[in-house]
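The values are calculated or read from the model by the stated rules, or taken from the named source; none is laboratory data. None of these values were measured; they are calculated from a predicted model. For neighbour counting, all protein chains shown are included, and Cβ atoms are generated from backbone atoms with ideal geometry for every residue, glycine included. To get the accessible areas, we keep the full protein, side chains included, count just its heavy atoms, and leave off ligands, DNA and RNA. Shrake-Rupley method; radii C 1.70, N 1.55, O 1.52, S 1.80 Å.
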Amino acid sequence: MDKKIVQPISRPVQGACGVTGTWRSQRPILDTSLCNGCLICWLYCPEAAISREDRDIDFTYCKGCGICAVECGKKAIRMVKEEIK
Amino acid sequence: MSKVFGSGNTACAMAVKDADVDFVAAYPITPQTAVAEKIAAYIAQGIMDANYLPVESEHSAASAIAAASAVGARVFTATASQGLLYMHEILHYAAGGRLPLVMANVNRAVNMPWCLYADHQDAVSQRDTGWIQLFAASNQEIYDSILLAFKVAEEVQIPVMINYDGFLVSHSMMPFETLDENKIKEYLPPYDPSWRLHPQWGGTFGNVTFSEQYVPYRESLTRDVKRAGELIIRCAREFEELTGRWHGGYFDVYRPEDASFFLLSMGSMGKEMELAVDLLRQEGIPAAGLRLRVFCPFPKEELSALLPTGTNLLVFDRNLVYGSAAGVLLQESRAALYDRRDEIRIAGISVGLGGEDLPASLLADKAREMIQEVKK
């Protein structure tokens, strides 16, 4: 087959849409005293930005969508306005 | 190679069996029904190793084979008339997705009013979907064109539709020859796609694009549909070398020697036209037949090359462009020959709609009328 044929297929690469952390207008703050480690936030995070081991949030990719804060049963995550430094 | 005496639909189903197709989804519709039935029977009897999905509609049939093609299967479906119209959305999907689907469309009039007989309105209504469209006029040509269709589709990654007239060809018994398995393997090697949807591949298909990505896809599709014309001819020549069978290139040309009136048509009408040409020649009218085999991409340059300066083109459309003089072939021909409008006169009519009988005598009468028109 001719390799020059343009086909509508895409392969995943890291950061194909840029670093999604740059999209963030608010950031999640985890209160570890309320967290019971159920990992619902890890399960729901669309950018896989929450660590399964220690719930550390990778702000290079966290786009600030707030899904983790909404889903958290213990209300251990709150969203705060992102300050431009 | 074996010799078979069978219908056009039998020739179609046997070619699909012999082409080592992996997946078929089809919904029965007159006059295609025997194709769907025969393929299902081949698979049920174990003489064809493929999966057959009995679907609830033509939209599902087209969707299912598009999806199966995306996972790397060689796929086929067949339909007619309203079934083809119902597939319309997925026809765009398949061509845009560059999926090498092959479909047989048994040309039939479209509703309303309800009509079951030969008419090209169904196929010409799909002209702008990006599909390659071939028209066959005999059972042998159907068998051979199905094999050619897979070869062309898989090489250029554009879906191909094989058209043949409902009842006139689909239900006519004619002798035809099949091809030995080893020769088919030589002509049509197993399908080896460059990508396929698979969990281990991890890619996706048909993503959202913005205009800067969308435009290159569209430009490449129209460019590749155009260049598929040469590929069709090359594959037909390869088939001829292998089997000795040749049905024509872009056109099946009949008695072009010293002709000044070229009678252009598609499908079974093009074969009957040969008899009309003979009638006209007996009267001393220098007529020739042009049976168009490749409707999409329409062979503009090749049509022009067949017509010497000062000749006349008489177009017989088995379809209508509503509100215009005739049908799609007339429009395409006029567009193709616009630069030579002072050299070549063109006339056109729509005949044979809804299976209207077209004996050679009637075609010759219509040709004589058009000759009067172009002489004015």
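Brief remarks follow.
- Fraction of alpha-carbon pairs over 40 Å apart in chain B - percent: 13 percent
- Chain B: angle of helix B:211-243 to the longest principal axis, Cα-based, in degrees nearest 10: 80 degrees
- FRET efficiency, residue B:88 to residue B:283 (Cβ-Cβ, R0 41 Å, nearest 0.05): 0.40
- Magnitude of the charge dipole for the protein assembly as shown, about its Cα centre and with charges confined to Cβ atoms of Lys, Arg (+1) and Asp, Glu (-1), is about 1280 debye.
- For the peptides B:75-85, B:55-65, the ranking by packing is B:75-85, B:55-65, with the highest mean count of neighbouring Cβ atoms within 10 Å listed first.
- Cβ-placed point charges (K, R +1; D, E -1), dipole of region B:230-283 about Cα centre in debye, nearest 20: 120 debye
- Sparse packing (at most 12 other Cβ atoms within 10 Å of the Cβ) combined with a DSSP loop state is found for the following GluC sites (Glu not before Pro) in region B:243-295: B:257, B:283.
- Computed [θ] at 222 nm, deg cm²/dmol, chain B (DSSP H ≥ 4; -39,500 (n - 2.57); rounded to nearest 500): -13500 deg cm²/dmol
- Largest to smallest principal axis extent of the C-alpha atoms in region B:111-162, angstrom: 40, 27, 10
- Normalised by residue count, region A:20-81 yields a Cα convex hull volume of 67 Å³ per residue.
- For region B:1-139, the equivalent ellipsoid derived from the Cα gyration tensor has semi-axes of 22, 19, 14 Å, listed largest first.
- Cross-link pairs beyond the 22 Å C-alpha cut-off, checked among B:271/B:376; B:151/B:271; B:17/B:183; B:17/B:271; B:183/B:300: B:271/B:376; B:151/B:271; B:17/B:271; B:183/B:300
- Local charge for residue B:176 was computed over the other residues whose Cβ lies under 9 Å away, with Lys and Arg +1 and Asp and Glu -1, and equals -2.
- In the elastic network of chain A, a GNM with C-alpha springs shorter than 10 Å, the most mobile of A:11, A:55, A:27 is A:11.
- With the convex hull constructed from alpha-carbon coordinates only, region B:139-255 shows a mean projected area of 11.0 nm² over all directions.
- Pairs of Cα atoms nearer than 8 Å and 6+ residues apart set the relative contact order; for region B:251-375 it is 28 percent.
- Bridges between two residues of the protein assembly as shown, per DSSP, are antiparallel at a rate of about 35%.
- Among the trypsin sites (Lys or Arg not before Pro) in region B:259-311, none is located in a DSSP loop while being surrounded by at most 11 other Cβ atoms within 10 Å of its own Cβ.
- Point-charge dipole on Cβ atoms (K/R +1, D/E -1) for region B:205-312, about Cα centre, debye to 20: 240 debye
- Charge tally in the Cβ shell below 13 Å around residue A:26, where Lys, Arg are +1 and Asp, Glu are -1, residue A:26 excluded: +3
- Counting only protein heavy atoms and a probe of 1.4 Å, the accessible surface of the protein assembly as shown is 53% carbon and sulfur.
- Cα centroid of region B:171-192 to Cα centroid of region B:204-260, whole Å: 20 Å
- Evaluated over the Cα positions of region B:251-375, the convex hull gives a direction-averaged projected area, one quarter of its surface, of 7.0 nm².
- Convex hull volume per residue for region B:86-203, taking Cα atoms only, in Å³: 123 Å³
- Remark: relative contact order (chain B) = 16 percent; criterion is Cα-Cα distance under 8 angstrom and separation of 6 or more residues.
- Spatially proximal aspartates and glutamates relative to residue B:366 (Cα-Cα < 16 Å; intrachain offsets below 8 disregarded): B:272, B:274, B:278, B:283, B:317, B:356, B:357
- Accessible area buried at the A-B interface, both sides summed, 1.4 Å probe (Å², nearest 100): 1400 Å²
- Over all Cα atoms in region B:308-365, the spread is summed up by Rg and Dmax: 12.5, 35 Å.
- Given charges at Cβ of Lys, Arg, Asp, Glu: region B:195-244 dipole, positive-most of B:242, B:210, B:198: B:210
- Cβ-based net charge around residue A:42, under 15 Å, with every Lys or Arg adding one and every Asp or Glu removing one: -3
- Projecting the Cα atoms of B:107, B:90, B:336 onto the dipole axis of chain B, where Lys and Arg carry +1 and Asp and Glu carry -1 at the beta carbon, places B:336 farthest toward the positive end.
- Reduction of at least 40 Å² in accessible surface, 1.4 Å probe, comparing all protein chains with the chain by itself, residues of region B:186-211: B:194, B:195, B:201
- Most to least packed among B:226-234, B:262-270, B:198-206 [average Cβ atoms within 10 Å]: B:262-270, B:226-234, B:198-206
- No Cys partner within the rule (Cβ under 4.7 Å), chain A: A:17, A:35, A:38, A:45, A:62, A:65, A:72
- Stokes-Einstein diffusion coefficient of the protein assembly as shown, Kirkwood radius over Cα pairs, 10 °C, 1.306 mPa s, in µm²/s: 64 µm²/s
- On the basis of the beta-carbon distance and an R0 of 30 Å, residue A:29 and residue B:208 show a calculated FRET efficiency of 0.40.
- Solvent-accessible area per residue in chain B equals 41 Å², computed with a 1.4 angstrom probe and all protein chains kept.
- Label-to-label distance for residue B:177 and residue A:22 is 6.6 nm, based on points extended 7 Å past Cα in the beta-carbon direction.
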